[in-house]
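One structure is given below, encoded as C-alpha cells.
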Amino acid sequence: MLIGIPKEILSEEKRVAATPETVRKYIDLGFEVAVESSAGEGIAISDDDYSLAGATIATDVERLLAESDMVLKVKQPVFNQRLDKHEVNLLRDGSILITFLHPAAPESHDIVKRLSDKNITALTMDGIPRISRAQRMDALSSMSTVTGYKSVIMAANQLPTFIPMIGTAIGTIKPAKFLVVGAGVVGLQAIATAKRLGGIVKAIDIRNDACTEAGSLGAKVVEFDIPQELAVGKGGYAKALEDEWIEIEQHLIGPHLEEADVVILSALVPGEVAPILVTEKMVAKMKPGSVIMDISIDQGGNCEVTEAGRFSQRLGVNICGIQNIPGRMAVHASWLYANNIYYYVENLFKNGVGELDLKDEIVINSLVTHRSTIHHQGSLKAMRGGLSN
Ligand code: NAD
C-alpha cells in the first residue's frame, strides 16, 4: 500500500505531513512511501534525507497523487494554480486522504462534497476525540501548543518594550502585563511562555478546572463567578454563554484590558462561533502600542475589530488576526503533526496494512466521507442548516 506525501501548496504553509523519522516507521509497518520532491524544503529536510529513510522521491505530483493509495497532508486540498486543477481531482478515485479538513466550517463544505463525489475516504485530524487512547494522535492539541507559544513570541516582537523587569543605571523597567482570555491548550501554553519571559500574567476562563490550571502556571486568575452548570457541558467542555453573561464578562475584563500590554484571546466553545469578549469600545480604552493576539480568528475571533489574516492597527492598538500560526514554526509543528498522523495511521490499520478499521471510536469521530457518502455529523448538520456555500 503506497502512502503519498505531497508538498503543501497553500500559501505560506511550510509544514509537511511526514518526516524521515515517520517514513521509516511507516515502512516498518509494511507501507511504501513516496514523497514529492522538495516537500520538506520549508523545514530544511532534503529529498536525500527522505530517500535515506526509504521513501521514493516523486517529481511529478500528478502521478504521485494518482498512484497513492493513501495521501497524508497538513491542510485541506486546494486549487493547484500551476496544474490548473483542484487537488481533490488529482486524488485517485477510492483512495484515502488524511489531513485537517474542519468539515463543519461553511468554507469546507465544497471540499467535503468534492471528496464525497470522488469516492475518497476522507479522515480529518481535527475530529480526534480528546480521550486518553488518542492523546498521541491529538493534532489539534499539538498545534494549539505551538500556537500558544508562538503567539507570545509574535506579540513580544510587536511590543516596543521589554517583557521582563530590567534593572538599569537609570532606574527599573517594569515587566509587561499579559491578559490571557480562555485558558485551554493555547491559553495555558501562552501563560507558561509569558511567565518564562518574565511577564506579569492574568487569565480568565469560564471553567473552574481551566482557572485552576492557569493559577498553577503562575497566572493571577480573574474571578468570574459564573455557575458551572451554565459554563460547562458534556465531557467537561465549555458551553456557549447567554448574551447577558457575555456582557458581564466584558465588564469584568474591561479594567484588566486597559492595563495590559499584551492580550491573548483564545476563548472558544467547540463547534461554535467564538464569543465576542472585546468590543471596539473596549479596544479604544487600551494603551497605545499594546497588542491583541486574536487566536480564535478561524471561528470569527474574540475581538470585534480583528481583521482575519493580518496584523492591523486600530485605535493605536496592534491587532493580530493571522490564522496559520503553527505554519510559522514549521519544524516543531511538523515534527509533532507527522507523529500525530503516524499514530493515527497505525491505529487505523491495526488489523493489518490495507484493512481499514472503520469501527474504531477514533476513526468514527474523524471520518468525513466514505463510499461517496458524507458521514461527518457536524458537517451534515451545518449543511442542513443552510450554511453551505
Ligand atoms: P480549547 O477548547 O482547548 O480552549 C478554549 C478555552 O476557552 C476553554 O478553556 C474554554 O473554557 C474557554 N472559553 C470558552 N468560552 C469562554 C469565555 N466566554 N470566556 C473565557 N474563556 C472561555 O481550545 P484551544 O486548543 O486552546 O484553541 C483555542 C482557539 O485557538 C480556537 O479558536 C482554535 O481554533 C484556535 N487556534 C488557532 C490557531 C492559529 O493558527 N490561529 C492554531 C491553533 C488553535
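Taken over the stretch 252-289, the residue count meeting the criterion of being more than 13 Å from the ligand (Cβ to nearest atom), without any contact (Cβ under 8 Å) to a residue 40 or more places away in the chain and open to solvent by 20 Å² or more (accessible area, probe 1.4 Å) is 10.
Residue-wise test of (1) at pLDDT below 95; (2) more than 16 Å from the ligand (Cβ to nearest atom).
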position: 324; (1), (2): yes, no
position: 327; (1), (2): yes, no
position: 333; (1), (2): no, no
position: 337; (1), (2): no, no
position: 340; (1), (2): no, no
position: 345; (1), (2): no, yes
position: 360; (1), (2): no, yes
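Restricting attention to the stretch 312-322, which residues are part of a strand (DSSP E or B) and more than 13 Å from the ligand (Cβ to nearest atom)? Of everything in the stretch 312-322, those that are part of a strand (DSSP E or B) and more than 13 Å from the ligand (Cβ to nearest atom) turn out to be 312, 313, 314, 317, 318, 319. Residue count for the stretch 340-389, restricted to those that are assigned to a helix (DSSP H, G or I) and touching a residue at least 40 places away in the same chain (Cβ under 8 Å): 19.
Give me the residue from the stretch 201-227 that is away from the ligand (no atom under 11 Å from the Cβ) and of a type in the set (Lys, Arg) and, out of that set, least open to solvent (accessible area, probe 1.4 Å).
So in the stretch 201-227, the residues away from the ligand (no atom under 11 Å from the Cβ) come out as 201-202, 212, 215-221, 223, 225, 227.
Then keep just the ones that are of a type in the set (Lys, Arg); that gives 202, 220.
Working: 202: 42, 220: 134 Å².
Here the residue is 202.
Open to solvent by less than 50 Å² (accessible area, probe 1.4 Å), in the same structural domain as residue 333 (by TED's automatic domain parsing) and in contact with an Asp or Glu (Cβ under 6 Å, 6 or more places away or on another chain): is that true of residue 64 in this structure? The answer is yes for residue 64.
Quick check on the stretch 218-233. Is at least one of its residues under 20 Å from the mean Cα position of the chain (by Cα), more than 12 Å from residue 179 (Cα to Cα) and assigned by TED's automatic domain parsing to the domain that holds residue 162? Among the residues of the stretch 218-233, not one is under 20 Å from the mean Cα position of the chain (by Cα), more than 12 Å from residue 179 (Cα to Cα) and assigned by TED's automatic domain parsing to the domain that holds residue 162, which makes the answer no.
If I filter the stretch 256-273 down to residues being hydrophobic (A, V, I, L, M, F, W, C) and out of contact with any Cys (no Cβ under 9 Å at 6 or more places or on another chain), which single residue comes out as modelled with the lowest pLDDT? Spell out how you get there, then give the answer.
So the first thing to find is which residues in the stretch 256-273 are hydrophobic (A, V, I, L, M, F, W, C), and the list is 257, 260, 262-265, 267-269, 273.
Retained after the next criterion (residues that are out of contact with any Cys (no Cβ under 9 Å at 6 or more places or on another chain)): 257, 260, 262, 264, 267-269, 273.
Numbers: 257: 98, 260: 98, 262: 98, 264: 98, 267: 97, 268: 92, 269: 89, 273: 84.
Per the criteria, the residue is 273.
In this structure, residue 41 does not satisfy being out of contact with any strand residue (DSSP E or B) (no Cβ under 8 Å at 6 or more places or on another chain) and closer than 18 Å to residue 100 by Cα.
Regarding residue 305, is this residue farther than 23 Å from residue 201 by Cα and either β-branched (Val, Ile, Thr) or crowded, with 23+ Cβ neighbours inside 10 Å (or both)? Answer is yes for this residue.
The values are calculated or read from the model by the stated rules, or taken from the named source; none is laboratory data. Since we're looking at a predicted model, the values are computed, not measured. Cβ sites come from the backbone with ideal geometry, for glycine too, and all protein chains shown count toward neighbours. Accessible surface areas use protein heavy atoms only, side chains included; no ligands, DNA or RNA. Shrake-Rupley method; radii C 1.70, N 1.55, O 1.52, S 1.80 Å.
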